[in-house]
Amino acid sequence: MNKKNLYNSSEKKVNPYYFDGEVTIREIYNESSSNDQEVYFVEFSRGALTTIHFHETEQFLVPLYGNGVIGEIDINTSGSLLEFTFENLIIKSLNVGEIVSIKPNILHFHGACPGQNFSHMAFRKMYETVPGPEMTEQVHTQTIWGYEMISKALGSEDRSQILSELNRISEKIRDAVTTWAKDNNL
(Lines give C-alpha, C1' and ligand atoms only; values in the text may rest on other atoms or scores of the structure.)
Protein backbone atom coordinates (compact mmCIF):
# COMPACT_ATOMS: atom_id res chain seq x y z
CA MET A 1 0.00 0.00 0.00
CA ASN A 2 1.29 3.44 -0.92
CA LYS A 3 -0.55 6.25 0.87
CA LYS A 4 -0.16 9.95 -0.05
CA ASN A 5 -1.61 13.26 1.11
CA LEU A 6 -2.86 15.75 -1.49
CA TYR A 7 -1.72 18.81 0.38
CA ASN A 8 1.72 17.53 1.41
CA SER A 9 2.74 16.01 -1.92
CA SER A 10 5.61 17.49 -3.87
CA GLU A 11 4.86 20.65 -5.76
CA LYS A 12 5.78 20.29 -9.42
CA LYS A 13 7.35 23.13 -11.37
CA VAL A 14 4.74 24.65 -13.68
CA ASN A 15 5.70 24.98 -17.34
CA PRO A 16 4.42 28.45 -18.38
CA TYR A 17 3.73 27.16 -21.91
CA TYR A 18 1.21 24.67 -20.52
CA PHE A 19 -0.92 27.03 -18.40
CA ASP A 20 -2.59 30.39 -18.84
CA GLY A 21 -2.62 31.96 -15.36
CA GLU A 22 -1.50 30.99 -11.88
CA VAL A 23 -1.53 27.27 -11.14
CA THR A 24 -0.14 25.03 -8.39
CA ILE A 25 0.45 21.37 -9.24
CA ARG A 26 1.12 18.65 -6.71
CA GLU A 27 2.35 15.36 -8.11
CA ILE A 28 0.67 12.60 -6.12
CA TYR A 29 1.76 9.53 -8.13
CA ASN A 30 4.22 9.15 -10.99
CA GLU A 31 6.57 6.55 -12.45
CA SER A 32 8.54 6.29 -9.21
CA SER A 33 5.48 5.63 -7.03
CA SER A 34 2.95 3.89 -9.31
CA ASN A 35 3.13 1.06 -11.82
CA ASP A 36 0.41 2.46 -14.03
CA GLN A 37 -1.09 5.85 -13.07
CA GLU A 38 -0.02 9.45 -12.87
CA VAL A 39 -2.13 11.50 -10.48
CA TYR A 40 -1.99 15.25 -9.98
CA PHE A 41 -3.75 17.67 -7.64
CA VAL A 42 -4.09 20.94 -9.56
CA GLU A 43 -5.20 24.29 -8.11
CA PHE A 44 -6.19 26.99 -10.62
CA SER A 45 -6.28 30.57 -9.29
CA ARG A 46 -8.47 33.43 -10.55
CA GLY A 47 -9.65 31.89 -13.81
CA ALA A 48 -6.43 30.11 -14.78
CA LEU A 49 -6.68 27.47 -17.52
CA THR A 50 -4.47 24.86 -19.10
CA THR A 51 -3.40 25.63 -22.63
CA ILE A 52 -4.70 23.27 -25.31
CA HIS A 53 -3.40 19.73 -25.14
CA PHE A 54 -4.31 16.07 -25.54
CA HIS A 55 -3.30 12.83 -23.86
CA GLU A 56 -2.52 9.54 -25.56
CA THR A 57 -4.56 7.74 -22.88
CA GLU A 58 -7.90 8.52 -21.27
CA GLN A 59 -7.83 11.17 -18.54
CA PHE A 60 -10.23 11.52 -15.61
CA LEU A 61 -10.82 14.82 -13.82
CA VAL A 62 -12.43 14.94 -10.38
CA PRO A 63 -13.38 18.49 -9.28
CA LEU A 64 -12.69 19.17 -5.60
CA TYR A 65 -13.35 22.88 -5.11
CA GLY A 66 -14.94 25.80 -6.95
CA ASN A 67 -16.44 26.20 -10.39
CA GLY A 68 -14.47 24.74 -13.24
CA VAL A 69 -14.70 24.58 -16.99
CA ILE A 70 -13.62 22.13 -19.67
CA GLY A 71 -13.53 22.66 -23.39
CA GLU A 72 -12.99 20.45 -26.41
CA ILE A 73 -11.81 21.64 -29.79
CA ASP A 74 -12.67 19.63 -32.88
CA ILE A 75 -9.89 20.50 -35.31
CA ASN A 76 -11.13 17.88 -37.78
CA THR A 77 -13.94 20.24 -38.86
CA SER A 78 -11.72 23.33 -39.04
CA GLY A 79 -8.89 21.62 -40.89
CA SER A 80 -6.09 23.04 -38.76
CA LEU A 81 -5.31 23.86 -35.16
CA LEU A 82 -4.19 27.31 -36.30
CA GLU A 83 -7.58 28.00 -37.93
CA PHE A 84 -10.08 26.68 -35.37
CA THR A 85 -13.21 28.74 -34.82
CA PHE A 86 -15.74 29.05 -32.01
CA GLU A 87 -18.05 26.66 -33.88
CA ASN A 88 -15.43 24.00 -33.15
CA LEU A 89 -15.36 24.72 -29.41
CA ILE A 90 -17.54 22.86 -26.90
CA ILE A 91 -17.48 24.25 -23.34
CA LYS A 92 -19.00 22.57 -20.28
CA SER A 93 -18.88 23.13 -16.54
CA LEU A 94 -16.84 21.06 -14.10
CA ASN A 95 -18.70 20.92 -10.79
CA VAL A 96 -17.73 19.35 -7.48
CA GLY A 97 -19.26 15.88 -7.31
CA GLU A 98 -18.93 15.27 -11.05
CA ILE A 99 -16.26 13.21 -12.79
CA VAL A 100 -15.32 13.76 -16.40
CA SER A 101 -13.63 11.30 -18.73
CA ILE A 102 -11.64 12.71 -21.64
CA LYS A 103 -11.00 10.15 -24.34
CA PRO A 104 -7.49 9.75 -25.78
CA ASN A 105 -6.33 12.21 -28.44
CA ILE A 106 -9.11 14.76 -27.82
CA LEU A 107 -7.81 18.33 -27.98
CA HIS A 108 -9.00 20.10 -24.83
CA PHE A 109 -8.35 22.57 -22.01
CA HIS A 110 -9.65 22.86 -18.44
CA GLY A 111 -9.41 25.05 -15.40
CA ALA A 112 -11.27 27.67 -13.37
CA CYS A 113 -14.22 29.81 -14.41
CA PRO A 114 -13.22 33.47 -14.97
CA GLY A 115 -12.17 35.23 -11.76
CA GLN A 116 -12.67 32.11 -9.63
CA ASN A 117 -10.49 29.49 -7.96
CA PHE A 118 -10.89 25.82 -8.79
CA SER A 119 -9.10 22.57 -8.02
CA HIS A 120 -9.27 19.05 -9.37
CA MET A 121 -7.54 15.70 -9.33
CA ALA A 122 -6.28 14.45 -12.70
CA PHE A 123 -5.73 10.72 -13.31
CA ARG A 124 -4.16 9.19 -16.41
CA LYS A 125 -2.51 5.91 -17.36
CA MET A 126 1.18 6.31 -18.05
CA TYR A 127 1.40 3.24 -20.28
CA GLU A 128 -0.59 1.66 -23.05
CA THR A 129 -0.44 -1.97 -24.07
CA VAL A 130 0.17 -2.32 -27.79
CA PRO A 131 0.78 -5.36 -30.00
CA GLY A 132 4.47 -5.99 -30.60
CA PRO A 133 6.22 -8.27 -33.08
CA GLU A 134 6.38 -11.20 -30.64
CA MET A 135 3.89 -10.21 -27.91
CA THR A 136 2.22 -7.15 -26.43
CA GLU A 137 4.41 -4.45 -24.93
CA GLN A 138 3.95 -1.48 -22.63
CA VAL A 139 4.56 1.88 -24.32
CA HIS A 140 5.01 5.07 -22.30
CA THR A 141 2.25 7.53 -23.26
CA GLN A 142 2.55 11.27 -23.56
CA THR A 143 0.63 14.47 -23.09
CA ILE A 144 1.03 16.61 -26.20
CA TRP A 145 0.76 20.33 -25.47
CA GLY A 146 -0.27 23.19 -27.74
CA TYR A 147 3.27 24.54 -27.81
CA GLU A 148 4.53 21.34 -29.46
CA MET A 149 1.52 21.10 -31.80
CA ILE A 150 1.95 24.71 -32.93
CA SER A 151 5.68 24.22 -33.49
CA LYS A 152 4.90 21.23 -35.70
CA ALA A 153 2.05 23.02 -37.56
CA LEU A 154 4.29 26.03 -38.25
CA GLY A 155 7.29 23.86 -39.09
CA SER A 156 9.30 26.16 -36.85
CA GLU A 157 11.32 26.10 -33.63
CA ASP A 158 11.12 29.93 -33.32
CA ARG A 159 9.92 30.36 -29.72
CA SER A 160 8.56 33.89 -30.23
CA GLN A 161 6.53 32.77 -33.27
CA ILE A 162 5.19 29.70 -31.45
CA LEU A 163 4.31 31.69 -28.31
CA SER A 164 2.60 34.37 -30.38
CA GLU A 165 0.35 31.73 -31.96
CA LEU A 166 -0.23 29.96 -28.62
CA ASN A 167 -1.20 33.29 -27.02
CA ARG A 168 -3.58 34.03 -29.91
CA ILE A 169 -5.31 30.66 -29.44
CA SER A 170 -5.38 31.06 -25.63
CA GLU A 171 -6.94 34.52 -26.00
CA LYS A 172 -9.68 33.06 -28.25
CA ILE A 173 -10.33 30.41 -25.63
CA ARG A 174 -10.39 32.92 -22.72
CA ASP A 175 -12.87 35.09 -24.65
CA ALA A 176 -15.08 32.09 -25.39
CA VAL A 177 -14.95 30.90 -21.74
CA THR A 178 -15.79 34.40 -20.48
CA THR A 179 -18.80 34.61 -22.81
CA TRP A 180 -19.90 31.09 -21.85
CA ALA A 181 -19.57 31.88 -18.11
CA LYS A 182 -21.66 35.06 -18.46
CA ASP A 183 -24.31 33.18 -20.45
CA ASN A 184 -24.43 30.54 -17.69
CA ASN A 185 -24.38 33.03 -14.78
CA LEU A 186 -21.06 31.75 -13.42
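Looking at Ile25, Ile52, which is the one that is buried (at least 17 other Cβ atoms within 10 Å of the Cβ) and free of Cβ contacts under 8 Å to residues at least 24 places away in the same chain?
Ile25
Looking at (1) assigned to a helix (DSSP H, G or I); (2) open to solvent by 30 Å² or more (accessible area, probe 1.4 Å), can you tell me which one Ala176 breaks?
Result: Ala176 fails condition (2) only.
What number goes with the only condition from (1) part of a loop (DSSP other than H, G, I, E, B); (2) closer than 17 Å to Arg124 by Cβ; (3) open to solvent by less than 40 Å² (accessible area, probe 1.4 Å) that Glu31 does not pass?
Of everything listed in (1) part of a loop (DSSP other than H, G, I, E, B); (2) closer than 17 Å to Arg124 by Cβ; (3) open to solvent by less than 40 Å² (accessible area, probe 1.4 Å), Glu31 misses just condition (3).
Looking at the range 61-78, can you tell me whether even one residue there is within 25 Å of Val139 (Cα to Cα) and crowded, with 18+ Cβ neighbours inside 10 Å?
Checking the range 61-78: at least one residue is within 25 Å of Val139 (Cα to Cα) and crowded, with 18+ Cβ neighbours inside 10 Å.
Give me the pairs, please: first residue somewhere in the range 64-92 and part of a strand (DSSP E or B) and of a type in the set (Phe, Trp, Tyr), second residue anywhere and surrounded by 14 or more Cβ atoms within 10 Å (Cβ to Cβ) and at pLDDT 90 or above, beta-carbon distance under 9 Å, and either six or more positions apart or on two chains.
These pairs meet every condition: Tyr65/Glu43; Tyr65/Val96; Tyr65/Asn117; Tyr65/Phe118; Tyr65/Ser119; Tyr65/His120.
The values are calculated or read from the model by the stated rules, or taken from the named source; none is laboratory data. Source: prediction; values computed, not measured. Quick reminder, even Gly has a Cβ in these numbers, built from the backbone with ideal geometry, and neighbours come from all protein chains shown. For accessibility, only protein heavy atoms count, side chains too; no ligands or nucleic acids. Shrake-Rupley method; radii C 1.70, N 1.55, O 1.52, S 1.80 Å.
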